[in-house]
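The values are calculated or read from the model by the stated rules, or taken from the named source; none is laboratory data. Since the model is a prediction, treat every value here as computed from it, not as a measurement. A quick note on method: Cβ atoms are made from the backbone with ideal geometry, for glycine too, and the neighbour counts reach across all protein chains shown. Surface areas here come from the heavy atoms of the whole protein model, side chains and all, with no ligands, DNA or RNA. Shrake-Rupley method; radii C 1.70, N 1.55, O 1.52, S 1.80 Å.
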Amino acid sequence: MLNPIDILKFIRSKKYGPMTAAELADHFEISDMEYRRFCDLLQELEFSGEIVKIKQKQYADPEKVHLIVGTLDCNPRGFGFVIPAKEDGGEDVYVGETDMGSAMHGDLVVARLPTGAQILKKRRERGRSVTGQVVNVLRRTNEFVVGTFEKTKQMRFVAPDNPRLFRDIYITEEVSKGAQPGDKVVVRITEWPSRHLNPEGEVTEILGKEGDPRVDLRSIIYQFKLPHIFGQRVIKETKQLPRAVSEEDIQGRLDLRNNLIITIDPDDAKDFDDAVSLEKNSDGNWLLGVHVADVSHYVKPDTAIDRDARFRGTSVYLPGEVIPMLPEILSNALCSLREGEDRLTKSVFMTIDQRGHLVRAEIKSSVINVTRRLTYNQATAILRNETDANLSAEAVAMLRYMAHLAGLLFHNRMERGALELDLPEISLKLDEYGYIKEVEKPERDISHKLIEEFMLLANEMVATFMFEKKMPLISRIHPEPEKDDMREFAEFIRGLEHTRIDPFKSRQLQSLLDQVRGRPEAYTVNLVLLKSMKQAVYAAGEGRHFALALDHYTHFTSPIRRYPDLLVHRILDQYFAGALSSPSVQDSWRNSLSEWTGHCSMTERRADEVEREITKLKLLRYLEHEVGKTFDGVITGVQEFGFFVQLNKYLLEGLVHIRTLSDDIYQVDKKAMALVGTRRKKLYRIGEVVRVKVYKIDFLKREVDFIHCGKKEERGKQRMERKTPEDEEE
């Protein structure tokens, strides 16, 4: 088959004139048998923004015809931006509501640019972006929409849950399925919107009444198109799986069943991917073992279970609910490293010297029997001498050595220039009906850090081993941040902290994070730094991880809940079996990995979004009964229309609208990162501790508005109270 690079070279050449698919096929002498695949290749290039289809179904270079391909990202206020599909496609293109045509949020579209407009490589400030007009929709993502059914005297309509779908969907009575006002429904769009008309649709399913926690969960699952039911083929295959490890399975594996091995996981964990062990060698070095469930032994390529797992990409962990990547017999039983049961594993053994530096590493297929399952709380209590949890003296000693080793590994990681962001999280404890009964802030204590350091090292060692052996690579990469974004972060810090930093020196960044730890503005500083950096993603081939300061890194330690880890296990299986010596096997991996890693990055982002949405919605339901009450919070952002406050107790962000600040006329001072009164010079600054009252909750937009009640304490006073003798010396 023709190389896509040859097609692009031809279409971008000066002598090229727009051609149809058939004309291009004739030019490249594509046979009838290859024609369908050739058309698929043209569509792939079109969807990736490399080429574009114009009138008479001819293909052209997008730049020459002033078109751009990208995803429409809408704002709830009615405008949007086309985010270029090409990685180097330049800045986003602004699109007004009247220029969206029939497109909706998330659609892959073609937008026309003004003649002579130049798309810069650097993203410019909003308001100065190039303006475009959507002229075609290549792929729609909103055939089914979840929303609330409403009825007036004149019409019936569904208000979408997703605020970015800002147009109501009209419904006629005969296709409403008897839905009543306030019902949460799924609607299929039958007529797409136009410049002046809303979309039309038909109700396909009534989920239940708005406000029911179970309906909230189902609504968000439908909204994000989250696969959550295992099909009949998957269920049929699970019935053929063994219920225990057999002697035949154990043959040829390193037998570690008599070794002291423990797991450390959350209290409510059901699937245990990894276990750890630690011994001291005769030469004084440590032998650290990370033992990971051998999921690839049971989940074979292109089975129904495998295809479903690939489609899901990851398990999704929600308050009181888990949507697993694998059926329960695998995730909670056969592959879960449960205490006292034989389990097949892949073990990474790392020899580490007394200063915490790696000496050597090796990977073995093994069988283990976990000696003891510990929760994070139990492990931390043991390490703090608060209890022994009926653990043997040998196991207690091993746990203490593990904590010491983890400290060395963490120190070395910081020394090489890694970043350690501190973004607190909350855990929601629900009652039997799905309502919040308690909100906790889990402490990231020594037992969490212990497991984290060991897993990071194991992932690094596997990635390095695969790179050195020239295997197909699935890397977990974190690209270098854009220079402009980091310069903006430095300006932000200068305005907030009156501190100059070099944003391109990771040690200075980490020093800043250490400096603000425990202060009100710490969350904001960590969050702004996170947003200034790029997202970590999966990629085919090698790539550096900026935040970890590693040249080689992958995900290996969680194959029960992450599909990329399962792929890494399969590649290792083929390497040790000698199958990777075949060029055809190598080519097969290289041809498929880019698509799979892109898909897995998407499913990971989707899982994060779903978790954030359901957590936010449950918190809003909880705060519905707290309207009028006051809470402490921190200002996390300022805009022309007001400032955002995050509640300390719930980590929920809401808006104090500028119209509620009646004591002055306020304007944004970007350098001061504040809203400043024009008369009294009173200011509301990022990082300021304030008290706010819950004023209004909008469940349709999933937003909360606050009213400012005053600062908890003056900032200067707080800082004086925080000072120590060491501060005075500085």
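For the chain, what is the relative contact order in percent, using Cα pairs closer than 8 Å and at least 6 residues apart in sequence? If you can, show how the numbers build up before the last one.
Values: 1383 pairs, mean separation 61.8, N = 730.
Dividing the mean separation by the residue count of the chain yields 8 percent.
Just in the stretch 550-645: which GluC sites (Glu not before Pro) are loop by DSSP and have at most 15 other Cβ atoms within 10 Å? Walk me through the numbers before you get to the answer.
On the way: sites: 595, 604, 609, 611, 613, 624, 626, 640; in loops: 640.
Listed in order of number, the matching sites are 640.
Using a cut-off of 13 Å between beta-carbons, work out the net charge of the residues near residue 644 (Lys and Arg +1, Asp and Glu -1, residue 644 not included). Before the final figure, lay out each step's value.
Details: positive: 685; negative: 640, 653, 688, 703, 705.
Combined, the nearby Lys, Arg, Asp and Glu give -4.
Report the residues of the stretch 1-21 in range of a label on residue 58: point 7 Å along Cα→C-beta, backbone N strictly under 15 Å from it.
Zone members listed by number: 11-21.
Got a number for carbon plus sulfur as a percent of the chain's accessible area, 1.4 Å probe?
47
For an R0 of 56 angstrom, estimate the FRET efficiency from the Cβ-Cβ distance between residue 679 and residue 48 and round to the nearest 0.05. Show your work: numbers first, answer last.
Values: r = 54 Å, r/R0 = 0.97.
For residue 679 and residue 48, the calculated efficiency is 0.55.
For Cα pairs less than 8 Å apart in space and 6+ apart in sequence, what is the mean separation divided by the residue count of the stretch 391-517, i.e. the relative contact order in percent? Kindly include the intermediate steps, with their values, before the conclusion.
On the way: 72 pairs, mean separation 28.9, N = 127.
Computed over the stretch 391-517, the figure is 23 percent.
Past the 25 Å Cα-Cα mark, which pairs from 64/225; 184/270; 441/618; 618/693?
On the way: 64/225 37 Å; 184/270 31 Å; 441/618 16 Å; 618/693 19 Å.
From 64/225; 184/270; 441/618; 618/693, over 25 Å: 64/225; 184/270.
Describe numerically, in nm with one decimal, the distance between label points set 7 Å from Cα along Cα→Cβ at residue 660 and at residue 386.
The modelled label-to-label distance comes out at 3.7 nm.
Could you give the nm distance between label points at residue 707 and residue 670, where each point is 7 Å from its Cα heading toward the beta carbon?
Using points 7 Å along Cα→Cβ, the separation is 3.3 nm.
What ranking, highest mean first, results for peptides 8-18, 253-263 when packing means the other Cβ atoms within 10 Å averaged over each residue? Walk me through the numbers on the way to the answer.
Numbers: 8-18: 12.3, 253-263: 17.3.
For the peptides 8-18, 253-263, the packing ranking is 253-263, 8-18.
Just read off the accessible area of residue 427 with the full protein assembly in place, 1.4 Å probe, to the nearest 10 Å².
Counting only protein heavy atoms, the figure is 30 Å².
As a test, work out the antiparallel percent of DSSP beta bridges whose residues both lie in the chain, rounded to the nearest 5. Before the final figure, lay out each step's value.
Values: 113 of 126 bridges.
Of all bridge pairs located within the chain, approximately 90 percent are antiparallel.
By how many nm would the segment from residue 700 to residue 339 grow when fully extended, if each residue of separation counts as 0.36 nm and the alpha-carbon distance is taken off?
125.4 nm
Just how much of residue 47 is accessible, in Å², when a 1.4 Å probe is used and the result is rounded to the nearest 10?
50
Could you report the chain's accessible area per residue, 1.4 Å probe, as an integer in Å²?
Values: 36700 Å² over 730 residues.
With all protein chains present, the chain gives 50 Å² per residue.
Determine, from the Cβ-Cβ distance of residue 517 and residue 354 and an R0 of 35 Å, the FRET efficiency 1/(1 + (r/R0)^6), rounded to the nearest 0.05.
The computed FRET efficiency comes out at 0.75.
The stretch 186-222 to the stretch 41-98: how many Å between their Cα centroids?
One Cα centre to the other: 27 Å.
If the chain between residue 396 and residue 232 were fully stretched, how many nm would it gain, using 0.36 nm times the residue separation less the Cα-Cα distance? Each step should come with its number before you reach the end.
Details: separation 164, 0.36 × 164 = 59.04 nm, distance 4.62 nm.
Residue separation times 0.36 nm, minus the Cα-Cα distance, leaves 54.4 nm.
Assuming R0 = 22 Å, what is the FRET efficiency of residue 582 and residue 248, from their Cβ-Cβ distance, to the nearest 0.05? Each step should come with its number before you reach the end.
On the way: r = 26 Å, r/R0 = 1.20.
Rounded to the nearest 0.05, the efficiency is 0.25.
What is the dipole size for the stretch 1-97, taken about its Cα centre, with +1 at each Lys and Arg Cβ and -1 at each Asp and Glu Cβ, in debye to the nearest 20? Working shown, then result.
Values: 12 positive and 18 negative charges, 68 e Å.
The dipole of the stretch 1-97 has a size of about 320 debye.
Sticking with the crude label model, points 7 Å out along Cα→Cβ, report the distance from residue 205 to residue 36 in nm, one decimal please.
It works out to 3.1 nm between the two label points.
With every protein chain in place, what's the accessible area of residue 502 (1.4 Å probe, Å², nearest 10)?
Here the accessible area works out near 50 Å².
Once the piece of chain linking residue 404 and residue 470 is laid out straight, how much longer is it, given 0.36 nm per residue of separation minus the C-alpha distance between them? Each step should come with its number before you reach the end.
Working: separation 66, 0.36 × 66 = 23.76 nm, distance 3.42 nm.
Roughly 20.3 nm would be gained on extension.
Explain nothing, just the number: relative contact order of the stretch 488-584, from Cα pairs under 8 Å at least 6 residues apart, as a whole percent. Don't jump to the answer; show the numbers that get you there.
On the way: 55 pairs, mean separation 11.1, N = 97.
Computed over the stretch 488-584, the figure is 11 percent.
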